Amino acid sequence: MSVGTIASMICTTPLPHTPTLDRGQVEFYRREGYLLPEGAILPADDFCDLCSTFEVLQAEWIAMGGRPEAMNVPHFYHPKMMRWLMHPAILDLLEPIIGPDILLYSSHFICKPAGDGQRIPWHEDAAYWRKQWNPMDVVTVWLALDDSDADNGCMNVVPRTHLSSDSDYSELSERAVFTLEIKTGTFDTSKAVPCIRRAGQASLHHGKTIHGSAPNTSSRRRCGFTMRYASAACRYFQEHGENGTFQVYQARGCNLAGSPLADPTKINKLWIDRFGYGPPKIY
């Protein structure tokens, strides 16, 4: 099946576009640490183009030996990804939460193949970003490229955990996307909420919200595109981001805290010089 055929299948039934968030949704996000907007967050044509681009990039990634769950920071290698990462619809969605001054922090395709998709252990994103942000107030937009539900390993979030202190982690012996997991018994998994999403819908969660997902043993793929942003009032400390090779970008407004910023039209040469063009060994 061709890339174009796959993308057209995904995009046959586009959802109504959600232009922004209302006050109640923003209050829910701040209180619970996550949000599940109802509509699609990108216009249909832009979403279909993203799906087509992903299929090409994923094929290249797998050909180089990468796991489909671990296609991290594709925008460092392919500045064309900025079309979606800095899309006005994405930034309009975030602005009621972050404000008008927005930094683009990171992106990641996490694609669980059918029957072989790895589990994502319980974690807080912020655990991997310690010392990089002050304050730690990063929002992740998780955009479903495929329908995502309990059968194919959708994400689960634990409400209000973003209000707690940092969690303790232990090493995993099993195969999973990450090698660490929050220690069993230190939070209540019975309160977890499944983020069931149709292709084109998104979930939002705070950088400190505990979340994870089961392996995908179904006959359907489960792919999501994570896009991470922070208010430009937060200060980014580049020296703590992979020895200075991680870069952030101005997505909208002004650089209020004077964070070091990179040119979104260029590849991240610092990163590529360190990790190469293939899948980085740290992932």
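Within the range 94-117, which residues are over 13 Å from Ala230 (Cα atoms) and crowded, with 19+ Cβ neighbours inside 10 Å?
Initially, the range 94-117 is screened for residues over 13 Å from Ala230 (Cα atoms), giving 108-117.
Matches in the range 94-117: His108, Phe109, Ile110, Cys111, Lys112, Gly117.
Scanning the range 43-59 for residues that are at pLDDT 95 or above and assigned to a loop (DSSP other than H, G, I, E, B) gives no hits.
For Glu171, the conditions (1) farther than 30 Å from Cys234 by Cα; (2) surrounded by fewer than 17 Cβ atoms within 10 Å (Cβ to Cβ); (3) touching a residue at least 12 places away in the same chain (Cβ under 8 Å) are fulfilled apart from (3).
Remark: pairs (first residue in the range 215-243, over 11 Å from Val138 (Cα atoms); second residue charged (D, E, K, R) and not in a loop (DSSP other than H, G, I, E, B); Cβ separation under 6 Å; 6+ apart in sequence or on different chains) = Asn216/Lys112; Asn216/Arg222; Ser218/Asp151; Arg222/Lys112.
Filtering the range 37-48 to residues that are within 19 Å of Arg83 (Cβ to Cβ) and touching a residue at least 24 places away in the same chain (Cβ under 8 Å) leaves Ala40, Ile41, Leu42, Pro43, Ala44, Asp46, Phe47, Cys48.
Does Thr189 satisfy being closer than 21 Å to Arg31 by Cα and hydroxyl-bearing (Ser, Thr, Tyr)?
On the way: closer than 21 Å to Arg31 by Cα: yes; hydroxyl-bearing (Ser, Thr, Tyr): yes.
Yes, satisfied.
Scanning the range 63-88 for residues that are in contact with a Gly (Cβ under 9 Å, 6 or more places away or on another chain) and at positive phi turns up just one, Gly65.
Taking the criterion of being buried (at least 20 other Cβ atoms within 10 Å of the Cβ), in a loop (DSSP other than H, G, I, E, B) and in contact with a strand residue (DSSP E or B) (Cβ under 9 Å, 6 or more places away or on another chain), the only residue of the range 233-245 that qualifies is Cys234. Taking the range 60-157 as the region of interest, the helices (runs of 4 or more DSSP H) fully inside it that hold 1 or more residues being among the aromatic types (Phe, Trp, Tyr), in contact (Cβ under 8 Å) with a residue 60 or more places away in the chain and in contact with a strand residue (DSSP E or B) (Cβ under 9 Å, 6 or more places away or on another chain) are 74-77, 82-85. When His17 is tested against (1) more than 20 Å from Arg222 (Cβ to Cβ); (2) at pLDDT 95 or above, exactly one condition is not met: (2).
The set of residues in the range 202-228 being under 20 Å from Gly39 (Cα atoms), crowded, with 24+ Cβ neighbours inside 10 Å and among the hydroxyl-bearing types (Ser, Thr, Tyr) consists of Ser203 alone.
Within the range 246-266, take every residue that is under 19 Å from the mean Cα position of the chain (by Cα) and part of a loop (DSSP other than H, G, I, E, B) and give me the one that is farthest from Met81 (Cα to Cα).
So the first thing to find is which residues in the range 246-266 are under 19 Å from the mean Cα position of the chain (by Cα), and the list is 246-252, 264.
Checking which are part of a loop (DSSP other than H, G, I, E, B) leaves us with 246-248, 264.
On the way: Phe246: 16, Gln247: 15, Val248: 14, Pro264: 9 Å.
Per the criteria, the residue is Phe246.
Of all residues in the range 112-140, those satisfying the criterion of being of a type in the set (A, V, I, L, M, F, W, C) and modelled with pLDDT under 95 are Ile120, Trp122, Ala126, Ala127, Trp129, Met136.
Here is the figure for the range 265-278: residues that are surrounded by 18 or more Cβ atoms within 10 Å (Cβ to Cβ) and closer than 25 Å to Ile90 by Cα total 1. The set of residues in the range 192-228 that are closer than 18 Å to His87 by Cα and not small (Gly, Ala, Ser) comprises Gln201, Leu204, Phe225, Thr226, Met227, Arg228.
The values are calculated or read from the model by the stated rules, or taken from the named source; none is laboratory data. In this text the structure is predicted, and so the values were computed from the model without any measurement. Note: ideal-geometry Cβ built from the backbone for every residue, glycine included; neighbour counts use all protein chains shown.
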